[in-house]
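The values are calculated or read from the model by the stated rules, or taken from the named source; none is laboratory data. Predicted, not measured: the structure shown is a model, and the values here were computed from it. Cβ coordinates were reconstructed from backbone atoms using ideal geometry, including for glycine residues, and neighbour counts include every protein chain displayed.
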Amino acid sequence: LQMDVLDVPADRQKGWYLSLMAPNTKGPEFAWLDPSRLYCNSQALADCVKDLLGPFHSDPVDLVAGIDAMGFILGASVATTLGKGFLAIRKAGHLCVATRNQNYTDYTGREKTMEVRLDVLKPGLRVLLVDQWIETGGTMRAAIQLVENLGATVAGVAAVAIENTEGGKWIKENYKFSHCIPEGLQILHNVYYVLWYIWCLIYYNILQAFYESS
């Protein structure tokens, strides 16, 4: 049973808001969960941001950067909580000023390009990178490259979840990071993802066979 979007439990344990996320109902070409539902609950969003910032309380952060598009919501919330500015890392072709571009492959396997303006990042600036979800890590790795290629320092990486994929592990091994999945649920999270993906493949193969035979 899915939790009502505006409900707030009396005992708000770490990660309680994860139950607000909506499961995929459209198939394997989409992400397996939609975390954005939790943003509709103000307490959930506040607690999510608090958990993400936990590991960085004693670290200097000059600027928060969010990745187009869902990283804008979470990143702006993180920036507001920290009292810092927010830098939008955009999909290429949207900024009307001078930019630096970076090619990457997203979680669907499609080749894309992101861009960042040239008049903000500079040597010595410590940037906290925020996105909603890190699956293959390709998008976040491109954002890291943009920040570092302009001389700034990546102070850390924050997302609701960082999958234990090759790209996700690379981020965890090379940068300070935070996510919202409680340690005890991380294994269950990994198992659930695998089972969900297998189920989707079986379900859509059955549908395809049905339509081909009818």
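Which of the residues spanning the range 152-165 are within 15 Å of residue 87 (Cα to Cα) and surrounded by fewer than 17 Cβ atoms within 10 Å (Cβ to Cβ)?
153
Considering the range 54-88 alone, what residues qualify as being farther than 15 Å from residue 133 by Cα, in a strand (DSSP E or B) and not small (Gly, Ala, Ser)?
63, 64, 86, 87
Considering only the range 166-195, state which residues are closer than 21 Å to residue 30 by Cβ, surrounded by 15 or more Cβ atoms within 10 Å (Cβ to Cβ) and at pLDDT below 90.
Let us first name the residues in the range 166-195 that are closer than 21 Å to residue 30 by Cβ, namely 167-168, 179-181, 189-195.
If we keep only those that are surrounded by 15 or more Cβ atoms within 10 Å (Cβ to Cβ) too, we end up with 167-168, 179-181, 189, 193.
181, 189, 193 - these are the residues of the range 166-195 that are closer than 21 Å to residue 30 by Cβ, surrounded by 15 or more Cβ atoms within 10 Å (Cβ to Cβ) and at pLDDT below 90.
(1) modelled with pLDDT of 95 or more; (2) loosely packed, with under 14 Cβ neighbours inside 10 Å; (3) touching a Cys at 6+ places or on another chain (Cβ under 9 Å): which one isn't true of residue 59, the others all being true?
Condition not satisfied by residue 59: (3).
Does residue 26 satisfy being in the same structural domain as residue 116 (by TED's automatic domain parsing), of a type outside the set (Phe, Trp, Tyr) and under 22 Å from residue 126 (Cα atoms)? First the steps, then the outcome.
Numbers: in the same structural domain as residue 116 (by TED's automatic domain parsing): yes; of a type outside the set (Phe, Trp, Tyr): yes; under 22 Å from residue 126 (Cα atoms): no.
The answer is no for residue 26.
Yes/no matrix, rows are residues, columns are (1) touching a residue at least 24 places away in the same chain (Cβ under 8 Å); (2) in the same structural domain as residue 30 (by TED's automatic domain parsing); (3) hydroxyl-bearing (Ser, Thr, Tyr); (4) within 23 Å of residue 73 (Cβ to Cβ):
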position: 106; (1), (2), (3), (4): yes, yes, no, yes
position: 110; (1), (2), (3), (4): no, yes, no, yes
position: 119; (1), (2), (3), (4): no, yes, no, no
position: 123; (1), (2), (3), (4): yes, yes, no, no
position: 157; (1), (2), (3), (4): yes, yes, no, yes
position: 160; (1), (2), (3), (4): yes, yes, no, yes
position: 166; (1), (2), (3), (4): yes, yes, no, no
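When residues of the range 118-168 are filtered for being among the charged types (D, E, K, R) and touching a helix residue (DSSP H, G or I) at 6+ places or on another chain (Cβ under 9 Å), how many remain? Give the steps one after another, and end with the answer.
Here is the first cut: in the range 118-168, the ones among the charged types (D, E, K, R) are 119, 122, 126, 131, 135, 141, 148, 163, 166.
In the following step, the residues that additionally are touching a helix residue (DSSP H, G or I) at 6+ places or on another chain (Cβ under 9 Å) were identified as 131, 135, 141, 163.
Total satisfying the criteria: 4.
Okay, residues lined up against (1) over 26 Å from residue 127 (Cα atoms); (2) in contact (Cβ under 8 Å) with a residue 40 or more places away in the chain:
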{"site": "11", "(1), (2)": "yes, no"}
{"site": "63", "(1), (2)": "no, yes"}
{"site": "68", "(1), (2)": "no, yes"}
{"site": "86", "(1), (2)": "no, no"}
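Would you be able to tell me the number of residues in the range 1-53 that are part of a helix (DSSP H, G or I) and surrounded by 11 or more Cβ atoms within 10 Å (Cβ to Cβ)? Spell out how you get there, then give the answer.
Kept after step one, since they are part of a helix (DSSP H, G or I), are these residues of the range 1-53: 16-20, 35-40, 42-53.
From the residues that got through so far, the ones that are surrounded by 11 or more Cβ atoms within 10 Å (Cβ to Cβ) too are 16-20, 35-40, 43-53.
Final tally of qualifying residues: 22.
Could you run through the range 106-133 and say how many residues are farther than 12 Å from residue 65 by Cβ, modelled with pLDDT of 95 or more and in a strand (DSSP E or B)?
4
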